[in-house]
Amino acid sequence: MRVGVSLRSAYGVADPRVGARWMIERAAAARDAGLDSLFVGDHHNVPIPYYQNAPMLGRLLAEWDDRPAGALFLLPLWHPVLLAEQVGTLAAIGRGRFVLQCAIGAGEEQFAALGTTLQARRSRFEAALDIVRRLLAGEEVSTDGPYPIAGARIAPVPAEPVEVWIGAAAPAALDRVARLGDGFVAGPDATPDQARALLELLAARADAHGREPRVRAIRRDVHVGADHADAQRVAGPVLAAGYRGFDPAATVVGGVEEVADRVRELRDLGYTDVIVRHLADDQREVLASFERLADVRTAIAGT
């Protein structure tokens, strides 16, 4: 069972340099904790500082090593040639394998801001993914709609194949993962029962298509305290305030052994990776939680 991190990208700070510095510090803390992968997210038209994935990941890779790294891209919101160019450059900066996480996206406000609609996102997703994969493989690409492209190539191309992990929850999206994905990413709002059901549906669609994604990852929003009481001191008020509208059962909060037990449960369901994001705001508490995640990984490895 691998434990990676998806760094939070939105920070309500007066000086935007503070949020950027916090992300850099968190990437270094994830490296020092020996976490297995590093990711950043993707969102647009955000009213508070949200650090965009391509430039931020380029900076964070200076803190990372040869373990896998990547970013989420909401494919319907990106022109595929631009996206492939960004990924090609990021893959050249990184010393390890690049992972392209992708999802279909939601929220009328970000689609409208980028000149498209929610109604077009399914066709745009599959068309964009096909184009991006071909460009990253070094092909010259010409296509008709939804992306009219004439004679596009990119350079640099990645030195090793880019893995594509697709986020999904709805049945049609899980079918898309089974058809097109190298990996599956379950969302952070899935409760344990929902997490089990997602894998069951994915397995059925994988059987139908005769292929199975190698990676089955799940996002979890976490806080690792010195012990149970310490974890509740930090995370309890956040959850009590209705954190992101999540069922608290979808979050992972506790001391090292409690968190390790929750990760083992996900492993036993069939997940290969848990990708954590910290739910606390206080930077000191988050960095302390990162340190304890090293102990969580050790505990999991021993069982």
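Distances between placed amide hydrogens fall under 5 Å for V276 paired with G4, V5, S6, R220, all partners being 5 or more residues away or on another chain. Taking 25 Å as R0, compute the FRET efficiency from the Cβ-Cβ separation of H43 and I93 and round it to 0.05. It comes out at approximately 0.65. Relative to the longest principal axis of the Cα atoms of the chain, the long axis of helix 192-209 makes an angle of roughly 30 degrees.
Among S142, S289, S37, the order by Cβ neighbours within 10 angstrom, fewest to most, reads S142, S37, S289.
Once Rh for the range 2-215 is found with the Kirkwood sum over Cα pairs, what is the Stokes-Einstein diffusion coefficient at 37 °C and 0.692 mPa s, in µm²/s?
The estimated diffusion coefficient comes to 182 µm²/s.
Identify the residues of the range 239-275 with backbone N under 11 Å of a label point that sits 7 angstrom from the Cα of T191 along the Cα-to-Cβ direction, or state none. Under cut-off, by backbone N: 247-250.
Label sites at E140 and D65, each approximated as a point 7 angstrom past Cα along Cα to Cβ, lie 4.3 nm apart.
Compute the Rg to Rh ratio over the range 101-204 from the alpha carbon atoms, using the Kirkwood formula for Rh, and round to two decimal places. Over the Cα atoms of the range 101-204, Rg/Rh equals 1.01. Can you list, bin by bin at 5 Å, the percent of alpha carbon pairs in the range 175-303, starting at 0? Final binned percentages: 2, 11, 20, 20, 18, 13, 8, 5, 2, 0. Comparing Cα centroids, the range 76-101 and the range 1-15 end up 19 angstrom apart.
Which percent, to the nearest 5, of DSSP beta bridges fully inside the chain are antiparallel? Kindly include the intermediate steps, with their values, before the conclusion.
Numbers: 3 of 39 bridges.
Taking every DSSP beta bridge within the chain, about 10 percent pair in antiparallel fashion.
Going from the fewest other Cβ atoms within 10 Å to the most, the residues S123, S6 appear in the order S123, S6. Karplus-based coupling profile of the range 231-247, in residue order and whole Hz: 5, 5, 4, 7, 8, x, x, 5, 5, 5, 7, x, 2, 6, x, 7, 5, with θ = phi - 60° in 6.51 cos²θ - 1.76 cosθ + 1.60 and x standing for Gly or Pro. Taken one residue at a time, the phi angles of the range 28-33 give Karplus couplings (6.51, -1.76, 1.60, θ = phi - 60°) of 5, 5, 5, 4, 5, 7 Hz. Gly and Pro are set to x.
The alpha-carbon atoms of the range 1-50, seen along their principal axes, cover 36, 19, 9 angstrom, with the largest extent given first. Summing +1 for each Lys or Arg and -1 for each Asp or Glu among the other residues whose beta-carbon sits under 11 angstrom from that of R26 gives +1.
For a quick check: sort L90, L74, L287 by the number of other beta carbons within 10 angstrom, fewest at the front.
On the way: L90 22, L74 26, L287 17.
Listing L90, L74, L287 from fewest to most nearby Cβ atoms yields L287, L90, L74.
Laboratory data are not the source of any read-out in this text; all were calculated from the coordinates shown. Nothing here was measured: the structure is a model prediction, and the numbers come from that model. For neighbour counting, all protein chains shown are included, and Cβ atoms are generated from backbone atoms with ideal geometry for every residue, glycine included.
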